[in-house]
1. Using amide H atoms built 1.01 Å from N in the peptide plane, name the residues 5+ places from Asp185, or on other chains, whose amide H lies under 5 Å from its own.
2. Could you check how much of the accessible area of the chain is carbon and sulfur, as a whole percent, using a 1.4 Å probe?
3. Which sequence of His321, His146 reflects their accessible areas, 1.4 Å probe, from the largest down?
4. Can you list the cysteines of the chain that have no other Cys Cβ under 4.7 Å away?
5. Heavy-atom accessible area of Lys49 with all protein chains present, probe 1.4 Å, nearest 10 Å²?
6. Relative to the compact globular guide of 2.2 N^0.38 Å, what is the alpha carbon radius of gyration of the chain, as a ratio?
7. At 0.36 nm per residue, and after removing the present C-alpha to C-alpha distance, how many nm does the segment from Ala341 to Ser272 gain when stretched out fully?
8. Determine ³J(HN,Hα), in whole Hz, for all residues of the range 317-330 in sequence, where each value follows from phi through the Karplus function 6.51 cos²θ - 1.76 cosθ + 1.60 and θ = phi - 60°; x replaces Gly and Pro.
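The values are calculated or read from the model by the stated rules, or taken from the named source; none is laboratory data. Quick caveat, the model's predicted, so the values are computed rather than measured. Every residue, glycine among them, receives a Cβ derived from its backbone with ideal geometry; neighbour counts consider all protein chains shown. In case anyone asks, the SASA skips ligands and DNA or RNA and just uses the protein heavy atoms, side chains included. Shrake-Rupley method; radii C 1.70, N 1.55, O 1.52, S 1.80 Å.
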Amino acid sequence: MTLGCARNEVDSEELAGRLTAAGWNLVAEPADADAVLVNTCGFVEAAKKDSVDTLLAAADLRTAEEGPRAVVAVGCLAERYGATLAEALPEADAVLGFDAYDDIAARLERIVAGERAPSHTPQDRRRLLPVSPVERPGAATSTPGHAVVLDPPDLAGAPASGPRVVRRRLDGGPTAPLKLASGCDRRCTFCAIPSFRGSFLSRRPPDVLAEAAWLAGQGVREIVLVSENSTSYGKDLGDLRLLEALLPQLAAVPGVDRVRVSYLQPAETRPSLVEVIAGTPGVVPYFDLSFQHAAPAVLRRMRRFGGTEEFLALLALIRSHAPEAGARSNVIVGFPGETEADLEELERFLTLARLDAVGVFGYSDEDGTAAEGFDGKLEPEEIRRRVERITTLVEELTAQRAEDRLGEPVRVLVERVSRGEVEGRTDTQAPEVDGTTLLVGADAAGLVVGDLVEATVVGSDGVDLRAAARPATPYARS
């Protein structure tokens, strides 16, 4: 059971691959399982609560005669809090950190047999890798989602030769995340992720390409590259522009029709990367930019760079290469010391930026972060009011941006067909976080999940689009 982001989805599929290779069978219903693994999220308070609630719900399935014999917490919450989580949540039979993933099958067998597993002891995972990025490749550390080995046990779907993928798909849809890197070297004052995900570590290009080819063989047509910071890819491999070289290779993998890059840091989004994303066939012109705010004073307290003018210049550069490019971001409202003038500056930026989607989050203290000790904290009620104010503005602006796309030609990847409705996503819509597109008209009839079709935008509803499918044969798999 997976909570949190797409990076966690990759980790869950690696765990599923390891378990399948060791003889475990995956079942659809938790009540039918011998063990339930809950891949938790530890990002913000709401995500932590969801993780705990899911663990408790799994534990409630147990009776004397049926239900899982073991409920095990893995993932970010387990890695971040370890023994503290185990003590607070005795309903979980084990709390395992990332270092347990390599031998997860053996550990799970012992737990199901009734052996009490020692709880994970948290540590700052940034200390597990050398400080210098160039010294990190080959370092002995467990990094979830990076598991590609040369001679694994017999894995279903593994190629006959070359790198083999330790992964089993848990979702049969035409889109899948692919982990580009893990960890982060930035020290944003509001973020605890580097402490439990570790320093930035790139995956080697042959491993990324091998996994892309494996995913294509599983029916995936769109690959979404995920990481904590995709713009840093390659810096520890000696080439900060390695992503520019890798993207055309990924787009050329047979069966892959769309490659999407997520998690771009604005201060690191160089012109050469913009040009490749905007101009490479098969790579969608989509920019997931982590602005977080626009007022320079707030950004400096966040230990980030830029401001309204720099961010607008970056968006102008993107649109000079691809006028119809998609752009999304997240912002944090109510950060310690945020003034009314700062909030107005954020509003000015959002109004001018013409973003397709914006996630709005209210600031909350995170354990172990620098901002936890900042002065100038706002009252929770004031933060709530500011979140509502920015959310209302964002809803108006993104709805207008969707209306601006009326008449635009688009390609839609079909992801759901139900009761006559055909729904998918355009190049400018990422899975889960953005809007969707409803295909309408007579030519939408007969489409199936996985079709990639030409259409024209004919309407909108908030951030969601309606598009008329054109009377042409859907794109065949390349």
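1. Correct list: Phe200.
2. Roughly 53 percent of what the probe reaches on the chain is carbon or sulfur.
3. Largest accessible area first, the residues go His321, His146.
4. Cys5, Cys41, Cys76, Cys184
5. Rounded to the nearest 10, the figure is 120 Å².
6. Normalised Cα radius of gyration, the chain: 0.99.
7. 21.4 nm
8. 4, 4, 6, 5, 8, 9, x, 9, 4, x, 9, 9, 7, 10
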